[in-house]
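S.K.: Attaching a single structure in C-alpha cells format; questions to follow.
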Amino acid sequence: MKTLKQSWFERFVARSIYLVLTPFGLMLIWIIYRVHVHGRHNLPKDRKQGFLIVSNHTLFFDPLIIAYAMFPRRIHHSTIERNMQIPFIGRFIKIMGGFALPAQNSWQKIGDPISERVGNGWIVHFFPEGKLKQFNQNIQRFRHGAFHLAIKNNIPVLPMTTVVRRIKIFGKKIYWLPPKVDVYVGEMYSPAPYQELSPQYRQAGLMADAVKESMQGVIAAHR
C-alpha cells in the first residue's frame, strides 16, 4: 500500500524529527490539557510487540494525546484520505508515519499491509467512531473495520479512553479554558474469543460493541 511505504530518507527524517521535536510537542500538550495517563501497567511489557490502539475522538489534538500516553514508543496514526492531500501537512503526516484510509474498500486495500507491519512491531492507532465530535463524551457508534482486521489477523486491541472535564471555578464550568484531559489505558482485548463466535459476519461487530461499552463505562466512572 503506497501510503504505508517510506523511503530510507523519509524514515531517517521521521526518526530525527520524532526524537527532537516530539518531547517538546508532548510537553506543550501536557501544559494545555494537563494530561494525566492512568493504567500504564496495561501496556505490553514486550516493547517489540505490535498491536492496534482504538480510542474515542473528542479533541483535535487526540493523536498527540495518544502519542503522549505511549511515549517513547512511536505510534502510526490513521487519517482520512483528504488530509494527506493538504499541501505540506499531508507530506508531514506521511513522514511522521501517518497513513490514509482509502475512501472506498479501505480494508480490502490496506488490511494486509497493516497486518504485516503490526507483525513487525508497529503500533497502529484508529478512531473507530470515524470522525471528531468536539468534547463529546457519549461515544458514537464504532465502525467495525479495525476489529475485523484484528480478528482476521489475530491482532490484540488496546482501548484508550479520553475523558474530558471542564475546569470549574466556584462550581461553574469555564468554557473558554481548555479542558482537563485524563487518558485511561484499558486491558488488552484478545480477538480469540470472538474468532469462535457464529455467525462469522457478526464477530467484528460484537467485539466493537464490547470495547465501546467498556470505554463508555470508563467515562461514566471517571468524568
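Read the figures in this text as sums done on the coordinates, not as results from a lab. As the structure is a prediction and not an experimental result, all values here were calculated from the model.
S.K.: In Å, what Rg and Dmax follow from the Cα atoms of the range 106-211?
M.R.: That works out to 17.0, 54 Å for Rg and Dmax.
S.K.: Run down the aspartates and glutamates and flag those whose C-alpha is under 12 Å from the C-alpha of LYS133, throwing out any fewer than 8 positions away in its chain.
M.R.: ASP62
S.K.: What full-extension length gain, to one decimal in nm, is calculated for PHE170 and ASN42 as 0.36 nm per residue of separation minus the Cα-Cα distance?
M.R.: On the way: separation 128, 0.36 × 128 = 46.08 nm, distance 3.60 nm.
Extending this stretch completely gives an extra 42.5 nm.
S.K.: Taking amide H positions as placed 1.01 Å from N in the peptide plane, with prolines and chain starts having none, which residues 5 or more places from GLY98, or on another chain, fall under 5 Å of its amide H?
M.R.: For GLY98, whose amide H was placed from the backbone, the distant partners under 5 Å are HIS77.
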